[in-house]
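K.L.:
My questions all concern the structure below.
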Amino acid sequence: MGNPKDEEQRRVLLLCGDYMEDYEAMVPFQALQAFGVSVDAVSPVKKAGDICATAITIQVESTDQANTESRGHNFTLNATFDDIEFDKYDGLVIPGGRSPEHLAMKASVVELARKFSDSRKPIAAICHGLLVLAPAGALKGRKCTAVSTMKPGLVAAGAHWVEPDTLSVCVADDNLITGVTYYGNPEFIGLFLKALGGNICASERRVLIIIGNYAEDYEVTVPYQSLKVLGCHVDVVCPKKKAGDTCPTAIRDLEGGQTYSEIQGHNFVLTADFESIDASSYDALVLPGGKAPEFLALKEDVIVLVKQFMEARKPVASICHGLEILVAAGVLQGKKCTGYPGIKARVVSSGGTFVEADPIDRCVTDGNLVTAAAWHGQPELISQLMTLLDIRVSF
């Protein structure tokens with residue numbers, strides 16, 4: 001994805017476990033791949049193809065108040081823990097959530113963390129992920145941050161604690177990158193990318209994301225935070241809502257049934273007022289899927305915006321059911337695209353050519369239009385969008 005073939009590709013480990021925080025696992029996993037980094041997601045006692053359950057952490061405004069959680073997506077591992085060859089990896093990422101307290105009890109995990117620390121390879125740990133580093137002796141004398149409840153244990157492990165004043169604070173101390181929560185993912189991933197030797201080549205781009213209630217959780221936040229890593233100004237808007245308002249999201253998973261399952265996800269905080277949007281001030285448009293598009297497709301002001309982007313031949317990225325908006329806008333005539341299979345008939349009837357969503361991570365680019373069958377294809381979708389926006393990550 002993000003790198004030319006003649007450049008050395010970086011390879012990192014993502015240390016997973018059941019009930020790791022959903023965003024703290026998937027956003028780094030897909031963003032780093034989009035930027036050209038190979039990511040192996042592993043978990044002790046599990047193999048490639050196995051599932052880790054994730055948790056949706058509902059954060060509160062303050063850094064010193066308790067939170068609650070609900071079930072998140074199913075995360076599919078793509079590598080086997082017992083097959084890890086340490087020397088082949090350039091860095092380690094440890095998500096937070098509830099999994100780290102259990103991972104920290106496994107000698108094999110602690111030894112792995114110790115090897116990364118002793119070798120001074122980049123380590124990125126967020127929220128409770130630092131629990132894995134403490135028994136490995138990786139925090140002694142190092143500046144770090146996390147959620148405030150972690151302070152006593154980390155100080156006892158010899159860390160120099162940095163008190164966070166917001167949930168997005170990140171701290172870099174040489175090869176060690178730490179963050180408080182997923183709100184800081186853009187800076188957290190950016191610092192890790194820099195520690196890996198990555199360099200982002202681009203002038204600032206402005207990207208608009210249009211969502212509604214129950215847009216797919218990953219399909220909003222992964223593009224939003226990934227583009228922020230790249231230095232893009234990203235506005236996320238919803239008709240009849242303003243900056244600071246929230247949209248509940250939906251978690252959609254393929255679990256072996258005839259169609260996807262759906263439960264409620266995170267609440268996404270909008271960044272701009274829909275009423276103030278001027279398409280001419282943006283360089284690209286992203287349309288996430290989920291339940292929202294079928295309602296957004298009925299709104300004339302949304303359709304007008306979409307037509308303006310397409311007529312100006314600015315990059316437009318659509319994920320899964322986002323195609324419903326493009327069908328309603330009548331802009332798919334002669335275009336190749338992909339999305340959720342159930343939308344195929346509507347795409348064909350509107351003059352588009354539907355590319356089958358097999359495999360489910362399929363991504364199709366036709367001119368200024370980039371489409372992904374589902375959130376599984378977001379690394380390639382973001383990579384293709386980067387190409388259209390002339391953004392490059394080099395090592």
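K.L.:
Quick check on the stretch 51-186: of the DSSP beta bridges with both residues there, what percent are antiparallel, nearest 5%?
P.N.:
55
K.L.:
Additional query: Which value, in Å², gives the accessible area per residue of the chain when a 1.4 Å probe is used on the protein heavy atoms?
P.N.:
39
K.L.:
Can you give the helix-only mean residue ellipticity at 222 nm for the chain, where every DSSP H stretch with n ≥ 4 adds -39500 (n - 2.57) and the sum goes over all residues, rounded to the nearest 500 deg cm²/dmol?
P.N.:
Mean residue ellipticity, 222 nm, calculated: -7500 deg cm²/dmol.
K.L.:
Just how large is the dipole of the chain about the Cα centre, in debye to the nearest 20, putting +1 at every Lys and Arg Cβ and -1 at every Asp and Glu Cβ?
P.N.:
In total the dipole reaches around 340 debye.
K.L.:
Tell me, what % of the accessible area of the stretch 288-395 is carbon and sulfur with a 1.4 angstrom probe?
P.N.:
With neighbouring chains kept in place, the figure for the stretch 288-395 is 50 percent.
K.L.:
Let me ask another. Applying 1/(1 + (r/R0)^6) with R0 = 25 Å to the Cβ-Cβ distance of residue 255 and residue 69, what FRET efficiency is obtained, to the nearest 0.05?
P.N.:
Once the sixth-power term is evaluated, E becomes 0.80.
K.L.:
Let me ask something additional. So for the pair residue 166, residue 358, with labels modelled 7 Å out along Cα→Cβ, what separation do we get in nm?
P.N.:
Inter-label distance under the simple model: 4.7 nm.
K.L.:
Among (i) 26, 55, 18, 1; (ii) 29, 57, 13, 0; (iii) 20, 35, 25, 16, 4, 0, which is the computed P(r) over Cα pairs in 20 Å bins from 0, in percent?
P.N.:
It is the value labelled (ii).
K.L.:
A 27 angstrom limit on the alpha carbon distance is what I want to check against. Which of 115/151; 291/314; 194/240; 240/335; 46/140; 47/336 exceed it?
P.N.:
In this structure, 194/240; 240/335; 46/140; 47/336 lie more than 27 Å apart at Cα.
K.L.:
Continuing with this model, one more query. Once you place label points 7 Å from the Cα toward the Cβ at residue 264 and residue 246, how far apart are they in nm?
P.N.:
0.9
K.L.:
With both partners inside the stretch 250-395, how many of the DSSP beta bridges are antiparallel, as a percent to the nearest 5?
P.N.:
45
K.L.:
Need one number: % antiparallel among DSSP beta bridges in the chain, to the nearest 5.
P.N.:
40
K.L.:
Picking from 212, 49, 289, which is most flexible by a Gaussian network model of the chain using Cα springs under 10 Å?
P.N.:
49
K.L.:
Order 84, 251 by their accessible area, 1.4 angstrom probe, all chains in place, largest first.
P.N.:
Largest accessible area first, the list is 84, 251.
The values are calculated or read from the model by the stated rules, or taken from the named source; none is laboratory data. All values derive from a computational prediction rather than experimental measurement. Heads up, the Cβs are rebuilt from the backbone with ideal geometry, glycines too, and the neighbour counts pull from every protein chain shown. Surface accessibility is based on the protein's heavy atoms, side chains included, excluding ligands, DNA and RNA. Shrake-Rupley method; radii C 1.70, N 1.55, O 1.52, S 1.80 Å.
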